[in-house]
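Asks: Below is a structure I'd like to ask you about.
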Amino acid sequence: MKDPRSLLLILLGPLVSIAALPGLMIDTTNLIKLLILGIFAGGLAVSLFTTRTWLRDKRLHFLLVILGIFFLSMLVPLIFSGSPFDLQLYGSHGRNTGFITYLFLILVALSATTNSNEILMARISKGIIVTGAIETFYTFLQYFKVDPINWHNADGWLFGTFINPDFLSAFLGFSCVVIAAFLFEEKTKLRFRLLLASQLIATLFIIVKSKAMQGLAITLVGVLVLILIWFRKRFTSKIMIFGYIFLVAFGSLFSILGFLQRGPLKGLLYQKSITFRGDYWRAGWQMFLHHPLTGVGLDSYGDWYMKYRTLVATRRGPEVTSTAAHNLFLDFAAYGGILLVLAYLLLNIVILISVIRVFRRSQEVGVGFVSISLAWIAYLAQSIISINYIALAVWGWLFAGLIIGYERSTSMPSTSQNVAEALEKNRKGARRGSSMADKRSSHAGPIFVGCIIGAVIALPPFIGDIRWKSALGSGDPVKLIAAVNAWPRNTYRFDTTAKGYETNGEVVQALQLSLSSVAFDARSFDSWNLILNYPNSSVQQKALALSKLKEIDSHYSSR
């Protein structure tokens, strides 16, 4: 691969997905994934801004406006929401989907848009398949209890390197959809087809055993769309195509009713977790209604969940909380208000229109575009029912850029050039390089500098976590306090360390840490609860803590 930018785009998703540092950090997956994302995004950004030829493409101006609005909309809660700056900048502990993460994702999408072609998309699709094979193989080791890595996984979950069965299941669903696209491709060789079929069976087995059914759900969604594409290619009769669409719509209606505990499929499809998701959705919607302009703050859903949940949502216990709405659109609405969610909604509409335009132009669409489009549809379906996660988000934004860029590069440049010629030009251009200007400007040196800059931006929470883990094992109180207060701060470090001091009977230090925690984040329920229950808290401190707890949890009195 001669173009460093293309190489970065190909390697980005697999490396972010697989990366984990169990035993070396408290947060074993998120921070290393963020660091790798930052390194690649930095390199891609330098490549973008040294090329600049894409800025003259009027077909990209609308996308630039959308991404610009999205970026500016993130600044609104960052400045005006009142949520802690550190929290919004790098995100909450265990999630890290704050301002910096989305800045990196914007750069990834924009770079993918300016570099997209059929060859690149086919290679990225194969990267998804290879990554899926690695995750499936490794998860089999977990299934057979021969995992060489000690994850402290007492519950025996199957999660690969995604630390959560739902996240693993979702990614494996992406890989199943891409595998299905290659299986439907006539040019796929028999040997490769047999390997793919074997991997598909093994992957579906892992999804089932993970007990996270969203992987099966999004695989089904992707395959149904793939069949529609195949029908359209094989049959000219609109009656058959619309008949298939009607059957899918009819089945989808009964499936949705089943998920909602209605209709004949409720016994098969309904799960308690769906009810809990409804609780999270309603809370996120209420956050948006009460903070429509600024939101509650980037990645700050967890600070406000107890205030806006319903009384029924406490059915599992009043202490059960959530850090996300389990719906990305509601997350953005809660985080940043109307502008942020509209910008993201508009971006997805542009992606959908791009997919439709490409398939309307020609029935002969390459397997690269088909597989990436199906994977994006699977990602969109997952984002409606689950938590955003760096190792999934990186794929979603990469797909977005590739799809929009491909539609742009294959659109008819004039009335005299038909679609088939444009598609063929795209394929040939991909082999030669999209333009000589891009070739001349894609130098490894500046890109390496960009990677260093991206790493520096992403490193603070990574270094902070390592320092904290080292300090916990050192027995040095000075070193420990310094590590807990290291920037960027988070309440998880304060609370965990304070509980450790309390357990050891050192309540003076514990109280000091909890007071520092609420000074950093006044909406930290756990920190105020610790202050309320310390034996050495003053009467005034206990009274203030109780008042704050009632303010944070609207149903605190019912505990």
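No value in this document is a laboratory result; all are computed from the given coordinates. Remember, it's a predicted structure, so these values are computed and weren't measured experimentally. Note that each Cβ is placed from the backbone with ideal geometry, even for glycine, and that neighbours are counted across all protein chains shown.
Asks: Per 10 Å bin, what percent of the C-alpha pairs of the range 141-195 does each bin hold, from zero upward?
Replies: P(r) for the range 141-195, in whole percents per bin: 20, 34, 26, 17, 2.
Asks: Using all C-alpha to C-alpha distances in the chain, build P(r) with 20 Å bins and read off the rounded percent in each one.
Replies: Taking every Cα pair in the chain, the percentages come to 20, 54, 24, 3, 0.
Asks: Something else now. Roughly speaking, what is the stretch gain from ILE245 to SER538, that is 0.36 nm per residue apart minus the C-alpha to C-alpha distance, in nm to one decimal? Write down the numbers at each step before the final one.
Replies: Details: separation 293, 0.36 × 293 = 105.48 nm, distance 6.69 nm.
Contour length minus Cα-Cα distance gives 98.8 nm.
Asks: Quick check on the range 74-187: what are the equivalent-ellipsoid semi-axes from the Cα gyration tensor, as sqrt(5λ), descending, whole Å? Spell out each step's value before the answer.
Replies: Working: eigenvalues 192, 135, 18 Å².
For the range 74-187, the ellipsoid semi-axes come out as 31, 26, 10 Å.
Asks: Here's something else I'd like to know. Take VAL178, VAL223, VAL355 and order them by how many other Cβ atoms sit within 10 Å, fewest up front.
Replies: On the way: VAL178 27, VAL223 17, VAL355 23.
Lowest count first: VAL223, VAL355, VAL178.
Asks: For the range 490-558, compute Rh as the Kirkwood radius over C-alpha pairs and then the Stokes-Einstein diffusion coefficient at 4 °C and 1.567 mPa s; write the answer in µm²/s, rounded to an integer. Mind showing how you got there, number by number?
Replies: Working: Rh = 11.8 Å.
Rounded to a whole number, D works out at 110 µm²/s.
Asks: For the range 4-445, what does the relative contact order come out to in percent, with C-alpha contacts under 8 Å and a separation of six or more? Don't skip to the end; give the middle numbers.
Replies: Numbers: 644 pairs, mean separation 112.4, N = 442.
RCO, the range 4-445: 25 percent.
Asks: Using the Cα atoms of the range 115-256 to build a convex hull, what is its mean projected area in square nanometres? Walk me through the numbers on the way to the answer.
Replies: Working: hull surface 43.7 nm².
With the hull built on Cα positions only, its mean projection is 10.9 nm².
Asks: Here is a further query. How high is the relative contact order of the range 490-558, given as a whole-number percent (alpha carbon pairs under 8 Å, six or more residues apart)? Kindly include the intermediate steps, with their values, before the conclusion.
Replies: Working: 74 pairs, mean separation 17.7, N = 69.
The value is 26 percent.
Asks: Also, quick follow-up: Could you estimate the translational diffusion coefficient of the range 1-93 from the Stokes-Einstein equation, with Rh from the Kirkwood formula over C-alpha pairs, at 20 °C and 1.002 mPa s, in whole µm²/s?
Replies: Working: Rh = 16.1 Å.
Answer from the Stokes-Einstein relation: 133 µm²/s.
Asks: Cut-off is 10 Å between beta-carbons; in what order do CYS176, CYS451 appear when sorted fewest neighbours first? Walk me through the intermediate numbers first.
Replies: Numbers: CYS176 28, CYS451 21.
If I rank by nearby Cβ atoms, fewest first, I get CYS451, CYS176.
Asks: Something else now. Rank these for me by crowding, THR497, THR50, THR236, going from fewest to most other beta carbons within 10 Å.
Replies: On the way: THR497 23, THR50 14, THR236 9.
With the fewest neighbours first, THR497, THR50, THR236 line up as THR236, THR50, THR497.
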